[in-house]
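The values are calculated or read from the model by the stated rules, or taken from the named source; none is laboratory data. Since this is a predicted model, take the numbers as computed values, not measurements. Using ideal geometry, Cβ is built from the backbone for each residue, glycine included, and neighbour counts are taken over all protein chains shown. Protein only, heavy atoms only, side chains kept; ligands, DNA and RNA dropped before computing areas. Shrake-Rupley method; radii C 1.70, N 1.55, O 1.52, S 1.80 Å.
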Amino acid sequence: MPNRLARETSPYLRQHAGNPVDWYPWGAEALERARREDRPILLSIGYSACHWCHVMAHESFEDEAVAAVMNRLFVNIKVDREERPDLDQIYQIAHQLFSRRPGGWPLTVFMSPEQVPFFVGTYFPKEPRFKLPGFAELCERAGEAWRQRRGDIAGQKAALAEAFARLAPPRGSDRALPDEGPLAAALAGLKEGYDPVHGGFGSAPKFPHPAELEFCLRRGTIEGDAAARQVALHTLERMALGGIFDQLGGGFARYSVDAGWTVPHFEKMLHDNGALLGLYAEAWRASGNPLFRWIAEQTADWLVREMQSPEGGYYSSVDADSEGEEGRYYLWDREEIRRLVPPQEYALAELHWGLEAPPNFEGRLWHLNVRVPREALPARIGLTEDACALRLASLRSRLLAVRARRERPATDTKVLTAWNALAIAGMARAASTFGRPEWLASARRAFDFLRASMWREGRLLASWMDGRAQHNAYLDDYAYLLAASLELAQAQFDPAAIDFARALAEALIERFEDRENGGFYFTSHDHEALLARLKLNHDGPTPSGNGVAVLALLRLSWIGDTPRFARAAERALECFAPALADAPAANVSLLAALEERLRPPRIVVLRGPQGSLDEWRERVARTYLPRTLLFSIPNDARGLPPALGKPASDNVNAWVCEGVACLAPIDSLEQLAIVLSSKGQKV
């Protein structure tokens, strides 16, 4: 018989609906039972694309004997961390406090009915191995600890409260807006941690870190720091050629298990791909490297083809596993490729992907990495560029058709507001850069879906599945969607997007701001009471909600003459000033906001008839202008915010403003190019 999880919308929770474990979703029913029966809670947090979550489920949660132990000792709660990042953050931090090392998924928490953990771990095998106890044995130990050491467990509540309090920004009335010092310190720290051989930061495992790379690209360009630009551009090139990128179908995996980007952990997450799509578009603007354009095209096409729902929202993730093995869908036997394609195409495949080298996956299979880049192939194979491109396209098409007949990894089809907003922003930026109206249409479909399905009476919901929107939205949902609204308005001006951005900004400040000390909590003021209420500043796999909120509020204040938005942003920067001084490289989203607060961006407004306007906008949008907001406004637009309300005319005019100072209108595209050129850049 299915358990209670069968009634849930989360694909991850539904995966466990057939377990013999008496699972509950997080909620009043489970918490009340734990209190009423004075039973500890076993909280298991994971997500549908997580390989080790599947392993633990198959080994332990599907096993009748293990489930019997769990059911006898605990109230068992399953949580999808993508729907409940508030719970995940609290107990990941608890894991780090307990074990002095980072956590991960699945996260396994034994806790009191008052939600106080007394043991936190990650994956545990069914039988003892990897120097870990078997899971049933661990459950018995935890049950004994609950019975025998209740006093010690009760005492941990105060200790945890003190530990969480130490993580909060310090209070005080003498704080001031930071100066430029943390910007330089962050850049120096990122350059120091950069891997000059393979790109990226540190050693294996290697994560993309799009926020940090964008910071290096932007600061390197503004400051004329070639080494900082190299950090970003070299890393993006190595990632593009490596196995972290799906060389056949497009899209990036979560991370690489090795330092050279060769073999990934094969799950694909929407948030990574949305952020990287926008970043590759920016990198192409900054460098003109055709590889970056190709990566952006493949990623955007994958998002539209495989990740956009019929309703318009983007799906959350694609699993790492298929046919019971991690990565099976993406791996190749060399002889299989040789049989599938004509000899001349196999010769190209062998050269392009290095198939003559030893297998790179477990010594037996190949995961495709580029060994000879596309632009070098024509000379190596003796073909013209066009002929080589056609042969390569035919090769990829044949292999994709074969791959499509394999068992596909599962797609988590729930729609998350925050992750959709990241994808909308990336898609809008790429569409604007490369003049791709179909990508902009995709972004608008997702944006319209969120407004229609997730925005209810002035507040957001966080998750949607099967026609049902639920879960009180978090800071990231509001902040990312606010930023996405502004990106869309720049890609193609729409007063409704600006109006929606204002409504989001008002709701964000009202629901999340710490009015006494500045900054924004991760959960709203009317959120359910949990073990801790966090106010987070560090960037992680996704950018800091505080950093994105501050930057978006500042930008909205620049264009809308709304000083209350600017003041809320300034209070947040003052709140996090100590964190920016102590760990600048961990806070690049906040630093991007600080940078614009210290030196407001240049606002370029193009106004005129639509046909001529498109030519101007496309020309400017191809240029990397990291300190510029560009708005292209047709003559018939109405309801414009103050900074954008320029007069209509028969010909295109451009207004270039910094702060409250604007140049005289410019009626020549060539003259605008001269004005906007910076450090040798030309429009």
Output the number of residues of the stretch 133-160 satisfying the condition of being outside any helix (DSSP H, G or I) and touching a Gly at 6+ places or on another chain (Cβ under 8 Å).
0
Just to check your reading of the model, which residue among PRO359, PRO373 is in contact (Cβ under 8 Å) with a residue 12 or more places away in the chain, surrounded by fewer than 16 Cβ atoms within 10 Å (Cβ to Cβ) and farther than 19 Å from ALA240 by Cβ?
PRO359
Any chance LEU640 is within 20 Å of ARG219 (Cα to Cα) and open to solvent by 10 Å² or more (accessible area, probe 1.4 Å)
no
Looking at (1) open to solvent by less than 70 Å² (accessible area, probe 1.4 Å); (2) over 28 Å from ALA154 (Cα atoms), which one does GLY46 not meet, given that it meets all the others?
(2)
So CYS53 ticks every box in (1) surrounded by fewer than 21 Cβ atoms within 10 Å (Cβ to Cβ); (2) more than 18 Å from PRO117 (Cβ to Cβ); (3) out of contact with any Lys or Arg (no Cβ under 9 Å at 6 or more places or on another chain) but one. Which box is left unticked?
(1)
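Could you say whether any residue in the stretch 311-327 is over 24 Å from CYS50 (Cα atoms) and at pLDDT 95 or above?
Kept after step one, since they are over 24 Å from CYS50 (Cα atoms), are these residues of the stretch 311-327: 311-312.
Applying the additional criterion that residues be at pLDDT 95 or above yields 311-312.
There is at least one residue in the stretch 311-327 that is over 24 Å from CYS50 (Cα atoms) and at pLDDT 95 or above.
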Collect the residues in the stretch 56-72 that are small (Gly, Ala, Ser) and either farther than 18 Å from TYR24 by Cα or buried (at least 19 other Cβ atoms within 10 Å of the Cβ) (or both), keeping them in residue-number order.
ALA57, SER60, ALA65, ALA67
Can you tell me which of (1) open to solvent by 30 Å² or more (accessible area, probe 1.4 Å); (2) more than 27 Å from the chain's Cα centre (by Cα); (3) at pLDDT 95 or above is the one ALA17 doesn't meet?
(1)
Determine the pairs where a residue that is in a loop (DSSP other than H, G, I, E, B), located within the stretch 436-461, has a partner that is among the hydroxyl-bearing types (Ser, Thr, Tyr) with Cβ atoms under 8 Å apart, the partner being 6 or more residues away or on another chain.
MET454/THR417
Result of the Cβ filter at 6 Å on the stretch 114-129, keeping first residues that are within 17 Å of PHE74 (Cα to Cα) and partners that are assigned to a loop (DSSP other than H, G, I, E, B) and open to solvent by less than 70 Å² (accessible area, probe 1.4 Å), at least 6 apart or interchain, is GLN115/LEU531
Output for the stretch 72-98, where each listed residue is closer than 19 Å to GLY134 by Cβ, part of a helix (DSSP H, G or I) and out of contact with any Pro (no Cβ under 8 Å at 6 or more places or on another chain):
ARG72
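In a helix (DSSP H, G or I) and open to solvent by 20 Å² or more (accessible area, probe 1.4 Å) - does that describe any residue in the stretch 196-208?
From the stretch 196-208, those in a helix (DSSP H, G or I) are none; that's our starting set.
Taking every residue of the stretch 196-208 in turn, none turns out to be in a helix (DSSP H, G or I) and open to solvent by 20 Å² or more (accessible area, probe 1.4 Å).
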I'm checking my understanding of the structure. Among residues of the stretch 492-507 that are more than 17 Å from ASP636 (Cα to Cα) and small (Gly, Ala, Ser), which one is most open to solvent (accessible area, probe 1.4 Å)?
ALA503
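Where residues in the stretch 119-163 are among the aromatic types (Phe, Trp, Tyr) and within 20 Å of GLY104 (Cβ to Cβ), which of them is surrounded by the most Cβ atoms within 10 Å (Cβ to Cβ)?
Going through the stretch 119-163, the residues among the aromatic types (Phe, Trp, Tyr) turn out to be 119, 123-124, 130, 135, 146.
With the extra rule that they be within 20 Å of GLY104 (Cβ to Cβ), the set shrinks to 119, 123-124, 130, 135.
On the way: PHE119: 20, TYR123: 21, PHE124: 21, PHE130: 7, PHE135: 24.
So the residue we want is PHE135.
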From (1) open to solvent by 20 Å² or more (accessible area, probe 1.4 Å); (2) modelled with pLDDT of 95 or more, pick out the condition that doesn't hold for LEU97.
(2)
When you go through (1) open to solvent by less than 20 Å² (accessible area, probe 1.4 Å); (2) without any contact (Cβ under 8 Å) to a residue 12 or more places away in the chain one by one for ALA568, which number turns out not to apply?
(2)
